[in-house]
Amino acid sequence: DALPAGIRALTEEEGLRLFDAALASGESVVLPMHLDARALAASRGGAVPALLRKLVPTTPRRAAQGEPDASTLADRLHRMSEVEQDDTLLGLVRGQVAGVLGHTDPDSVEPARAFGDFGFDSLTSVEFRNRLNSATGLRLPATLVFDHPTPIALARHLRTQLLGAPERAVESISVRSADDDPIVIIGMACRYPGGVDNPEELWRLVATGADAISPFPTDRGWDEARIYDPDGESPGSSYVREGGFLHNAAEFDPALFGISPREAHAMDPQQRLLLETTWEALERATIDPTSLHGTRTGVFAGVMYSDYATRFSDDTTHSSGNLGNGSAPSIASGRISYAFGLQGPAITIDTACSSSLVALHLAAQSLRNGECDLALAGGVTVMATPAAFIEFSRQ
């Protein structure tokens, strides 16, 4: 990646010379770098990272950056239309995000993307809060980016704080049938054995009585020669080697959901399938999946298997830090809520083979009780290991 203005890459000769100097300095931690203090300050409008402030001459931040004067920002907003107010505050937030992270173009800051996805940590979160305090004249909390996790959500909050107006509720989606039954299924998506990847193909499979049973999958690392024993007498063996399998369960597009390849590798395929089918179910309901951010949409997911993490018993580096969330059934529903910005209840249910049915029951109950306005309900099962076949063979 390109270095920020004011910081130049070291040549090989400079690096070796500074390395020798560091070894001879007696200091436990040193940071050799080529720093043009004035260029760095100019590129960031006088606002520089806290660690470099003693090294970099700064100019008054508001004058340098052209930020709104704190005493007049609310007055300026009062003279604008609501659309102009929203645009101004969102532009302010995006500009401060770009400034804190060292980006040159505020337009690169996506309004609906979570601050955590931009790379915010505790230090940058506080610096960002401080810059907004200076720009708005408000006294915002240190937990600002956690309480309002996206630029667009934060802009709405700033509007409320500055103008005293209530935050506008996101328009809820209400669908009723002719007889006014509050429970209406408006979209479906699915994956099933036999190559089924939509409801129409599922109906075709049922209507034709096709056989969806197949041999063990070949992409899960199962050693069939070791596992299969037709007599079922060998320890650790199964006398069954066929079942209803999703042979493409490992396929996933992590970038669509803002997930890194490393995190996706540690994610249980069950979580990946729930994300994919959620997106498809919303599209089939003619709902823009990105439009539900901030709505009272609930998630009810039936999950009964959680053996994916056992495949990583010897992996202490590549998947470290991601396996906990990646394999916990409780995270399955929460991950959907987080990915789509949903603010209704998020519940993972394990009642064995009835998990999906119970999830649907609880979703309907939640809708009737007014706990959510829209609900995503379903279930998922992917056997990451042959443990269930081995266990039932023993029984």
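Taken together, the criteria place residue 306 among residues that are in a loop (DSSP other than H, G, I, E, B), of a type outside the set (A, V, I, L, M, F, W, C) and in contact (Cβ under 8 Å) with a residue 12 or more places away in the chain.
Table: residues versus (1) of a type outside the set (Lys, Arg); (2) modelled with pLDDT under 95; (3) open to solvent by less than 20 Å² (accessible area, probe 1.4 Å); (4) more than 27 Å from the chain's Cα centre (by Cα).
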site	(1), (2), (3), (4)
340	yes, yes, yes, no
343	yes, yes, no, no
348	yes, no, no, no
356	yes, no, no, no
373	yes, yes, no, no
384	yes, yes, yes, no
394	no, yes, no, yes
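If you go through the range 269-285 one residue at a time, do you hit one that is out of contact with any Leu (no Cβ under 8 Å at 6 or more places or on another chain), charged (D, E, K, R) and either open to solvent by 80 Å² or more (accessible area, probe 1.4 Å) or in a strand (DSSP E or B) (or both)? Within the range 269-285, one or more residues are out of contact with any Leu (no Cβ under 8 Å at 6 or more places or on another chain), charged (D, E, K, R) and either open to solvent by 80 Å² or more (accessible area, probe 1.4 Å) or in a strand (DSSP E or B) (or both). The single condition among (1) modelled with pLDDT of 85 or more; (2) open to solvent by less than 60 Å² (accessible area, probe 1.4 Å); (3) more than 28 Å from residue 126 (Cα to Cα) that residue 160 does not meet is (3). With respect to residue 298, determine if the residue is among the small types (Gly, Ala, Ser) and in contact with a Pro (Cβ under 6 Å, 6 or more places away or on another chain). It is true that residue 298 is among the small types (Gly, Ala, Ser) and in contact with a Pro (Cβ under 6 Å, 6 or more places away or on another chain). Scanning the range 283-303 for residues that are among the acidic types (Asp, Glu) and touching a residue at least 24 places away in the same chain (Cβ under 8 Å) yields a total of 1. One residue alone among 108, 43 is at pLDDT 85 or above and among the polar types (S, T, N, Q), and that residue is 108. At pLDDT 90 or above, assigned to a helix (DSSP H, G or I) and over 22 Å from the mean Cα position of the chain (by Cα), is that true of residue 203? Considered against the rule, which asks whether it is at pLDDT 90 or above, assigned to a helix (DSSP H, G or I) and over 22 Å from the mean Cα position of the chain (by Cα), residue 203 comes out as yes. Residue 363 - would you say it is in contact with a Gly (Cβ under 6 Å, 6 or more places away or on another chain), farther than 18 Å from residue 254 by Cα and either at pLDDT 95 or above or among the hydroxyl-bearing types (Ser, Thr, Tyr) (or both)? The answer is no for residue 363.
In summary, residue 330 fulfils each of the numbered conditions (1) over 16 Å from residue 274 (Cβ atoms); (2) of a type in the set (Ser, Thr, Tyr); (3) open to solvent by 50 Å² or more (accessible area, probe 1.4 Å) with the single exception of condition (1). Entry remark, the range 98-140: residues being among the charged types (D, E, K, R) and farther than 15 Å from residue 152 by Cβ number 6 in total.
Step by step: first the residues of the range 223-258, then only those that are among the aliphatic types (A, V, I, L, M) and open to solvent by less than 20 Å² (accessible area, probe 1.4 Å), then the one that is farthest from residue 338 (Cα to Cα). Which residue is that? By that ranking, first place goes to 227. Restricting attention to the range 202-254, the residues being among the polar types (S, T, N, Q) and under 20 Å from residue 277 (Cα atoms) number 1.
The values are calculated or read from the model by the stated rules, or taken from the named source; none is laboratory data. Source: prediction; values computed, not measured. Don't worry about glycine lacking a Cβ; one is built from the backbone with ideal geometry, like all the others, and counts go over all protein chains shown. Surface areas here come from the heavy atoms of the whole protein model, side chains and all, with no ligands, DNA or RNA. Shrake-Rupley method; radii C 1.70, N 1.55, O 1.52, S 1.80 Å.
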